[in-house]
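Trainee: Below is the structure I would like to discuss, written out as structure tokens.
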Amino acid sequence: MARGALRARTSTCPPPPHPSSVIFASCISTSTASPSARPRLCPSPVRRLCGASQVGEPGEEAAPRCWGCRSDVGADSVFFCSRCHSVLPPRPGASLFQLLGCNESFSVNLQKLQQAYLALQRQLHPDNFSQKSQRELDLSQQQSALVNKAYNTLLKPLPRGVYLLERHGLSLEDTTEDMDPEFLMEIMEINEDLEDADSLQEIEDISRCNLEKLQELTQEVMQAFDAGNFLLARLLLTKMNYFTNIDEKVKEKRLQYS
């Protein structure tokens with residue numbers, strides 16, 4: 001690709017995690033039957049952090065019984081039994097948004113998302129269950145891994161959008177044949193420019209333009225989801241995927257000059 005072309009284009013309330021935790025201090029009851037008894041807790045882990053929990057909405061599977069005390073597990077009890085406070089098995093059908101107590105939307109408050117994630121990881125850390133049964137320890141590890149998956153999926157716009165799209169029965173794999181040839185040509189030219197770049201400045205110019213494209217697409221995807229236009233959201237997410245791949249190639253190219 002000619003250098004001229006390059007220059008032109010680049011011009012919530014959970015069970016207690018740890019005594020030092022202050023996030024959930026208001027959820028702990030001060031009355032206990034004995035020093036060894038577990039404190040009474042609010043049932044929902046992170047509802048105050050990311051908004052109202054959506055667990056237990058109409059159409060979801062009936063709540064199971066707690067394996068520890070055999071009581072019915074309430075709709076708000078996602079990680080811990082509200083009666084005996086045992087760690088619960090992962091709930092079938094619960095979305096990743098529900099696990100972190102967030103509304104199912106492309107627009108996510110990242111600060112609150114991180115707060116919810118860290119709070120849950122403190123509560124579910126295996127060290128908290130080292131004196132419990134092997135089953136409860138295993139369940140804490142399963143739930144912790146699921147929280148990790150939820151956080152990593154919802155943290156960035158592309159995987160969050162793809163997951164939300166799948167919740168509406170759509171997949172990016174269906175859009176390849178619908179891509180505009182002009183757009184595909186643009187992507188090919190950017191890749192060629194990046195491959196031919198022989199200075200850090202050229203790489204950074206390509207990176208800057210690419211990030212601007214990603215920011216624009218993020219806003220457009222948000223608007224498409226808000227409008228309920230999932231087919232448009234799918235097309236925009238496919239474009240975002242192309243520019244995200246370029247961003248990864250930029251990072252690899254930078255290593256040659258580090």
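Trainee: (1) in a helix (DSSP H, G or I); (2) in contact with a helix residue (DSSP H, G or I) (Cβ under 8 Å, 6 or more places away or on another chain): which one isn't true of residue 104, the others all being true?
Mentor: The single condition residue 104 does not satisfy is (1).
Trainee: Can you name every residue in the stretch 115-134 that is part of a helix (DSSP H, G or I) and either of a type in the set (Ser, Thr, Tyr) or under 18 Å from residue 92 (Cβ atoms) (or both)? Spell out the reasoning first.
Mentor: Keep residues of the stretch 115-134 that are part of a helix (DSSP H, G or I), which gives 115-124, 126-129, 134.
Once the filter is applied, which keeps residues that are part of a helix (DSSP H, G or I) and either of a type in the set (Ser, Thr, Tyr) or under 18 Å from residue 92 (Cβ atoms) (or both), the stretch 115-134 yields only 117.
Trainee: Any residue in the stretch 167-176 that is at pLDDT 95 or above, part of a helix (DSSP H, G or I) and crowded, with 20+ Cβ neighbours inside 10 Å?
Mentor: There is no residue in the stretch 167-176 that is at pLDDT 95 or above, part of a helix (DSSP H, G or I) and crowded, with 20+ Cβ neighbours inside 10 Å.
Trainee: Go through the stretch 68-112 and count every residue that is of a type in the set (A, V, I, L, M) and in contact with a Pro (Cβ under 6 Å, 6 or more places away or on another chain).
Mentor: Let us first name the residues in the stretch 68-112 that are of a type in the set (A, V, I, L, M), namely 73, 75, 78, 87-88, 94, 96, 99-100, 108, 110.
Within this subset, residues satisfying the condition of being in contact with a Pro (Cβ under 6 Å, 6 or more places away or on another chain) are 73.
Number of matching residues: 1.
Trainee: Quick one: which of 86, 77 is among the hydroxyl-bearing types (Ser, Thr, Tyr) and at pLDDT 85 or above?
Mentor: Of the residues listed, the single one that is among the hydroxyl-bearing types (Ser, Thr, Tyr) and at pLDDT 85 or above is 86.
Trainee: For the stretch 86-138, how many residues are among the basic types (Lys, Arg) and either under 25 Å from residue 233 (Cβ atoms) or surrounded by 20 or more Cβ atoms within 10 Å (Cβ to Cβ) (or both)?
Mentor: Initially, the stretch 86-138 is screened for residues among the basic types (Lys, Arg), giving 91, 112, 122, 132, 135.
Add one more test, that the residue is either under 25 Å from residue 233 (Cβ atoms) or surrounded by 20 or more Cβ atoms within 10 Å (Cβ to Cβ) (or both), and what stays is 91, 112.
Looking only at that region, the number is 2.
The values are calculated or read from the model by the stated rules, or taken from the named source; none is laboratory data. Everything numeric in this text was worked out from a predicted model, so none of it was measured. Cβ sites come from the backbone with ideal geometry, for glycine too, and all protein chains shown count toward neighbours.
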